Amino acid sequence: MTKPALTLYLAAPRGFCAGVDRAIKIVEMALEKWGAPVFVRHEIVHNKFVVDGLRDKGAVFVEELAECPDDRPVIFSAHGVPKSVPSAAQARNMIYVDATCPLVSKVHIEAQRHADNGLQMIMIGHAGHPETVGTMGQLPEGEVLLVETPDDVATIEVRDADRLAYVTQTTLSVDDTADIVAALKARFPAIVGPHKEDICYATTNRQEAVKAMAPKCDAILVVGAPNSSNSKRLVEVGARAGCTYAQLVQRADDIDWRALEGITSIGITAGASAPEVLINEVVDAFSARFDVTQTLVETAQENVEFKVPRILRQAS
Ligand code: SF4
C-alpha cells in the first residue's frame with residue numbers, strides 16, 4: 001500500500017538549550033566524582049526521559065532539601081532555588097552544586113540589585129513554577145509581587161508607584177509578556193525593567209521558529225513535558241500563529257493518529273528540555289506511516305555553551 005505524502009517541517013532551533021545541557025552534565029559529572037547516590041532537588045530539567053536516565057545512573061530526585069542526607073552531595077535544578085535552599089545546605093555542611101541556568105542566575109542578580117536600590121520588585125511569571133519560586137525567593141517573603149496577566153497588573157497594590165522594577169521568568173511567551181510589560185508601563189510609567197525582557201535566547205528562538213513554521217502546517221507537535229513551561233508556550237505560539245492543531249507530546253506513543261488523519265503537512269519542534277532522541281522517535285513514527293519529505297525551518301543558529309561549576313572541574 002502506498003503511503004500518503006507528508007511534508008514534515010522540522011523547526012531549528014529546537015530541543016536542548018545550553019542551560020539544560022549544562023544541568024544534565026552537572027549531574028553526570030557529580031555521579032562520576034562522588035559516586036552514587038547523588039541527590040537532586042527537583043527534576044534537574046522538566047523531562048521524564050532525562051530524569052529516568054539519570055535515576056538509572058544513581059541520581060535520587062527529591063522535592064525538598066530536608067529529604068537529603070547530610071553526607072551526600074545535592075544538586076539544585078536548572079530552574080533555580082530560593083536563597084534559603086543553599087543557606088540551609090551550608091548550615092548542614094553539605095556538598096552542593098547549583099545547576100541553576102546562568103541566565104536564571106542573571107535574573108536573580110537583577111532582582112537583588114533592584115531591591116538594594118530600594119525598588120519594590122514585580123515578577124512576571126507563572127505561580128508555583130520552580131523558576132518563579134526561586135526568583136521570588138531571592139528576596140524576603142512578600143517582597144516580590146507576582147503578575148501573570150495584564151489583568152493582574154490592574155489590581156496589584158504597590159508601596160510606591162515611582163519606586164518599582166520588574167523581572168520575568170525566562171521561559172514565557174514573548175508576545176504575552178510584551179502585553180504584560182505594556183500594561184505595567186501604562187500603569188507605572190517610572191517602572192524599571194531589563195533592556196530586553198529576561199526571556200532567554202533559547203525560549204525566544206524556539207518560539208520564532210514555530211511562528212515561521214505554523215502557517216505552513218496542518219498540525220504542529222511539540223515534543224516536551226506537561227510541566228515544561230517553554231514547551232507549553234510553544235504549543236500556544238503555534239496555535240496563535242495560525243496552526244489549528246498544536247499539541248504537546250512526550251514521545252511518539254502520545255501521538256493521536258486519528259486526529260491527524262488527512263493532513264499533508266506537519267511541523268515538529270521540541271521544548272528546551274526535550275532530548276533529540278525523542279524528536280527522532282517522533283519523526284520516525286511519521287516516516288513509518290507517511291511518505292515524508294523533510295524540510296528544515298531554521299530561523300536562528302545557536303552556539304551558546306555554559307561552563308559547569310568549578311567544583312566539578314577540580315580533581316577530587
Ligand atoms: S530555557 Fe533558557 S533559561 Fe531555561 S535553562 Fe534553557 S537557556 Fe537557561
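The values are calculated or read from the model by the stated rules, or taken from the named source; none is laboratory data. Remember, predicted model here, so these are calculated numbers, not experimental data. Cβ placement follows ideal geometry from the backbone for every residue including glycine, while neighbour counts extend to all protein chains displayed.
Taken over region 233-255, residues that are farther than 12 Å from Ala274 by Cβ, basic (Lys, Arg) and either within 16 Å of the ligand (Cβ to nearest atom) or in contact with a Leu (Cβ under 8 Å, 6 or more places away or on another chain) (or both) amount to 1.
Scanning region 77-98 for residues that are near the ligand (Cβ under 10 Å from one of its atoms) and either of a type in the set (S, T, N, Q) or assigned by TED's automatic domain parsing to the domain that holds Leu139 (or both) turns up just one, Ser77.
Residue-level analysis places Val192 outside the set of residues that are surrounded by fewer than 24 Cβ atoms within 10 Å (Cβ to Cβ) and within 16 Å of the ligand (Cβ to nearest atom). Restricting attention to region 244-253, the residues that are more than 12 Å from Ile268 (Cβ to Cβ) and more than 17 Å from the chain's Cα centre (by Cα) add up to 4.
Taken over region 155-185, residues that are within 14 Å of the ligand (Cβ to nearest atom) and in a strand (DSSP E or B) amount to 2.
Given the conditions (1) within 16 Å of the ligand (Cβ to nearest atom); (2) on the phi > 0 side of the Ramachandran plot, report the number of the one that Val20 does not fulfil. Of (1) within 16 Å of the ligand (Cβ to nearest atom); (2) on the phi > 0 side of the Ramachandran plot, only one is false for Val20: (2). Considered as a group, the residues in region 210-232 that are part of a helix (DSSP H, G or I) and away from the ligand (no atom under 14 Å from the Cβ) include one that is farthest from Val181 (Cα to Cα), and that residue is Lys216. A single member of Val38, Val45 is touching a helix residue (DSSP H, G or I) at 6+ places or on another chain (Cβ under 6 Å) and within 16 Å of the ligand (Cβ to nearest atom), and it is Val45.
Residues are listed down the side, and each one gets a yes or a no for (1) over 27 Å from the mean Cα position of the chain (by Cα); (2) outside the structural domain of Arg206 (by TED's automatic domain parsing); (3) within 30 Å of Asp98 (Cα to Cα):
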position: Leu260; (1), (2), (3): yes, no, no
position: Thr264; (1), (2), (3): yes, no, no
position: Gly267; (1), (2), (3): no, no, no
position: Ala274; (1), (2), (3): no, no, yes
position: Glu281; (1), (2), (3): no, no, no
position: Asp284; (1), (2), (3): no, no, no
position: Ser287; (1), (2), (3): yes, no, no
position: Val304; (1), (2), (3): no, yes, yes
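Screening His129 on (1) buried (at least 23 other Cβ atoms within 10 Å of the Cβ); (2) within 13 Å of the ligand (Cβ to nearest atom) shows it passes everything except condition (1). The residues of region 74-88 that are buried (at least 22 other Cβ atoms within 10 Å of the Cβ) and either over 23 Å from Val50 (Cβ atoms) or not hydrophobic (A, V, I, L, M, F, W, C) (or both), listed by number, are Ser77, His79, Gly80.
Of all residues in region 222-241, those satisfying the criterion of being farther than 17 Å from Ala11 by Cα and touching a residue at least 60 places away in the same chain (Cβ under 8 Å) are Ala225, Asn227, Ser228, Ser229. Just one of (1) away from the ligand (no atom under 16 Å from the Cβ); (2) assigned to a helix (DSSP H, G or I); (3) of a type in the set (A, V, I, L, M, F, W, C) fails for Ala202. It is (1). When Ile95, Ile156 are screened for being closer than 30 Å to Asp70 by Cβ, surrounded by fewer than 18 Cβ atoms within 10 Å (Cβ to Cβ) and among the aliphatic types (A, V, I, L, M), only Ile95 passes.
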